[in-house]
1. At a Förster distance of 25 Å, what's the computed FRET efficiency of residue 105 paired with residue 55, Cβ-Cβ distance as r, to 0.05?
2. Which whole-number percent is the relative contact order of segment 9-84 (Cα, under 8 Å, 6+ apart)?
3. With the calculation restricted to Cα positions, what are the radius of gyration and Dmax of segment 41-104 in angstrom?
4. Report the local net charge at residue 93: Lys and Arg +1, Asp and Glu -1, summed over other residues whose C-beta lies under 12 Å from its C-beta.
5. Read through the labelled values (i) -0.80, -1.31; (ii) -0.50, -1.29; (iii) -0.56, -1.28 and report the label of the one computed as log10 I(q)/I(0) by the Debye sum over Cα atoms at q = 0.13, 0.22 Å⁻¹ from the structure.
6. I'd like the FRET efficiency for residue 18 and residue 63, computed as 1/(1 + (r/R0)^6) with the beta carbon distance as r and R0 of 22 Å, rounded to 0.05.
Amino acid sequence: MAKPKLHTLKEGNRYFLLGNHAIARGALEAGLNLASAYPGTPSSEILDALASSARELGFYAEWSVNEKVALEVAIGASYSGLRCLTAMKHVGVNVALDALATIAYTGVSGALVLVSADDPGAHSSQN
């Protein structure tokens, strides 16, 4: 199946999307400024879908070296008022926990969505 260019889908129409593509489309509709992630199924499709639209829509997309860095990139951008999304698999949240615990106290100035993709059946991860 060809990857959809999510920003070319017309608003108001109905589309059948994978859950990860629906998350990415929602971020685009919300006016995303930055997306970061660490590659690993089941969350890889989110940034993959967003990155294919980044240049055309003028937002920044980054594959980070680990989950902590992915979250820190998004936190830094959200401190400056940007709308950000970071995605990682469920077993990577522990890697990002230091940064996550800190922003629980400090908050952010912009928007920050953390997507933690789970794999309860261990279909694509070590669960």
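1. Efficiency, from the Cβ-Cβ distance: 0.10.
2. 34
3. Values for segment 41-104 (Cα only, Rg and Dmax): 11.9, 34 Å.
4. -1
5. (ii)
6. Efficiency, from the Cβ-Cβ distance: 0.70.
Coordinate-derived values only; no laboratory data. Because the structure is predicted, anything quoted here is derived from the model rather than measured. Glycine also receives a Cβ, built like all others from the backbone with ideal geometry; neighbour counts cover every protein chain displayed.
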